[in-house]
Structures are given as structure tokens and as C-alpha cells.
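Since the structure comes first, as C-alpha cells, the remarks are kept for the end.
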Amino acid sequence: MTTYCADVGPKSLRAGRFISRVRSELLKALAEERGSAKVTRHVLGQRLDLHRSKISKQLSGEESLTLRSVAELSWALDREISFHLSRPAVEDRQNVNAETSTIGWKQPTIVNMPAANHSDRGFFSRDAGERNKDRDAAI
């Protein structure tokens, strides 16, 4: 099996998470409006003078969301936008993503792993006690 490892970096990761949260909030608002006022993507398209497929593409991620399109969608959904910037909160015993990459800028290495052969005296043929001793010795 071929394995790939991609490093998107902290900047792209943070941007992607933010865009995902914005889309999630818009979809949640649409779902709430659909239940109470029967607002559909077609109705949103009529309010914004856009085709419903454009609304669907924006909300699914097939098309980019601009600040203007987010503001117009929130207007069509009769919602206010709340936006603030804050420093990330780091609490005790919380895992923190590294701000640097350990992968570097080299091309990814393709690793082909041979299929496991259970018939030879490998890891699978030993009892649990031997495996635990080996694991503890490695630590």
C-alpha cells in the first residue's frame, strides 16, 4: 500500500478551520430557517438574485466564500454576523499543535510495505509476555 504524508502547515490549517466554521454556521442557520420558515436554497437564491446551484456550491466548498458572500448570505438568512479575534486558549494538559513543521520541503517518500507473513516466527507468534518485555525495554 502506498502511503503519502502531507504537511499543510499552521497557516493553512488555521485558515481551513476558520472557513469550515463559517460554512458550518451558515449551514446551521439554513437548517434552522428551513425548519421554521421553509427557507430553502432556492429562496435564498431568489433573495440574493443568484441561482440556487451557486448557493449550494458556496455552502459545500466547491466555490469560494468571500466576505461579501458571507455577509449577503447572512442578510438573506436574517442573521447578524459576530466576529472577534482572540489568542488561542491553552489550558493545562491540552495538546498544542506545533507551529513548525518537522517534514521540511522535500518531496514525499513513497513507502511500499510488504504484506505481513504470519507463518514465520515474527511478532504474531510470540506470547503477550514476551511482547510486553520487548516494549518495556524499548521505552
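Quick notes on this one:
- Among the conditions (1) surrounded by 12 or more Cβ atoms within 10 Å (Cβ to Cβ); (2) in contact with a Pro (Cβ under 6 Å, 6 or more places away or on another chain), the only one that Tyr4 does not satisfy is (1).
- Verdict on Arg23 being at negative phi, in contact (Cβ under 8 Å) with a residue 24 or more places away in the chain, more than 23 Å from the chain's Cα centre (by Cα) and surrounded by 14 or more Cβ atoms within 10 Å (Cβ to Cβ): no
- All of (1) surrounded by fewer than 13 Cβ atoms within 10 Å (Cβ to Cβ); (2) at pLDDT 90 or above; (3) among the charged types (D, E, K, R) hold for Glu91 with one exception: (2).
- Residue within region 9-27 that is out of contact with any Asp or Glu (no Cβ under 8 Å at 6 or more places or on another chain), not polar (S, T, N, Q) and not in a helix (DSSP H, G or I) present: no
- Residue list for region 28-40, filter: at pLDDT below 85 and not in a helix (DSSP H, G or I): Lys38
- Qualifying residues in region 41-73 (those that are in a helix (DSSP H, G or I) and in contact (Cβ under 8 Å) with a residue 40 or more places away in the chain) - the one farthest from Val22 (Cα to Cα): Leu73
- Among residues of region 59-70, those that are surrounded by 11 or more Cβ atoms within 10 Å (Cβ to Cβ) and more than 13 Å from Leu30 (Cα to Cα), counted: 4
The values are calculated or read from the model by the stated rules, or taken from the named source; none is laboratory data. Remember, it's a predicted structure, so these values are computed and weren't measured experimentally. Don't worry about glycine lacking a Cβ; one is built from the backbone with ideal geometry, like all the others, and counts go over all protein chains shown.
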